[in-house]
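Chemist: The structure under discussion is supplied below as structure tokens; questions concerning it will follow.
Each value in this text was obtained by applying a stated rule to the coordinates, not by laboratory testing. Because the structure is a prediction, the values reported are computed rather than measured. Note that each Cβ is placed from the backbone with ideal geometry, even for glycine, and that neighbours are counted across all protein chains shown.
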């Protein structure tokens, strides 16, 4: 298993493969979040990631994102994530593709940005402790959580823009971020 993270536009072959995988996900109207994979949903991507399985087939795709409504130096990892293959819905442990993609994105951020905090967010509840525990146990990655929902997109009136996060990095950035109690 190997994950590759790169800046959009810097590798035409990988850009094309990512877009082909994205298009397959977008046209699968059985997925409840299919609209999240339209080409316009990637304008905030500063990096793209493909995790390849041992047969060199794309298993998981995601992005690293940056938005103006987040503090400077904060980046969302595992953004617009989907499993291209190996689509186990409720795994007992975190799949290796999650760990590989996460580690690849963290390394890319450290080498290519001014990252001070990276985070994962989701609209749903009750995922944070499971994810934190698995990252710690399987990959020695330490994430934290608190009792707030953070503004993850510019529309403050849209409840889906207020999401639970887990994070690592400079906690003082959380004070600069619009938030509300969970």
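Chemist: Nearest 10 degrees, 0 to 90: what angle lies between the long axis of helix 128-139 and the longest principal axis of the chain (Cα atoms)?
Modeler: It works out to around 60 degrees.
Chemist: Another question, then. Arrange 31, 172 by Cβ neighbour counts within 10 Å, fewest through most, would you? Provide the component values of the computation, followed by the final result.
Modeler: Numbers: 31 14, 172 10.
Least to most surrounded, the residues fall as 172, 31.
Chemist: Among DSSP beta bridges whose residues both lie in the chain, state the antiparallel percentage, nearest 5. Can you show the working numbers first?
Modeler: Numbers: 29 of 32 bridges.
Antiparallel: roughly 90 percent of the beta bridges in the chain.
Chemist: Hey, fewest Cβ within 10 Å first, where do 80, 67, 29 land in order?
Modeler: Going from sparsest to densest Cβ surroundings: 29, 67, 80.
Chemist: A further question on this structure: Sum -39500 (n - 2.57) across every DSSP H segment of at least 4 residues in the chain, then divide by the residue count to get the 222 nm mean residue ellipticity, nearest 500.
Modeler: -8000 deg cm²/dmol
Chemist: Against the longest principal axis of the chain, how steep is helix 12-27, in degrees 0 to 90 to the nearest 10, with axes from Cα atoms?
Modeler: Computed tilt is about 80 degrees.
Chemist: So for the chain, averaging the separation of alpha carbon pairs under 8 Å that are six or more residues apart and normalising by length, what relative contact order in percent results? Don't skip to the answer; put the middle values down first.
Modeler: Working: 310 pairs, mean separation 35.0, N = 182.
The normalised contact order for the chain reaches 19 percent.
Chemist: How do 23, 173 rank when sorted from fewest to most other Cβ atoms within 10 Å of their own Cβ?
Modeler: So the residues, fewest neighbours to most, are 23, 173.
Chemist: Students often get this wrong: which residues of segment 113-138 have the backbone nitrogen under 17 Å from the point 7 angstrom along Cα-to-C-beta of residue 180?
Modeler: 122-125
Chemist: Something else: Taking 0.36 nm per residue of separation and subtracting the Cα-Cα distance, what length does fully extending residue 19 through residue 124 add? Don't skip to the end; give the middle numbers.
Modeler: Values: separation 105, 0.36 × 105 = 37.80 nm, distance 2.63 nm.
Once the chain is fully extended between residue 19 and residue 124, it gains 35.2 nm.
Chemist: Taking the structure as given and computing Cα extents along the principal axes in Å, which label from (i) 51, 42, 33; (ii) 41, 39, 30; (iii) 43, 35, 35 fits?
Modeler: The value computed from this structure is option (iii).
Chemist: Moving to a separate point now. Which length gain, in nm to one decimal place, applies between residue 114 and residue 2 when the Cα-Cα distance is subtracted from 0.36 nm times their residue separation?
Modeler: Result: 37.8 nm gained on full extension.
Chemist: Report, in degrees rounded to the nearest 10, the 0 to 90 angle that the Cα long axis of helix 96-112 makes with the longest principal axis of the chain.
Modeler: 70 degrees
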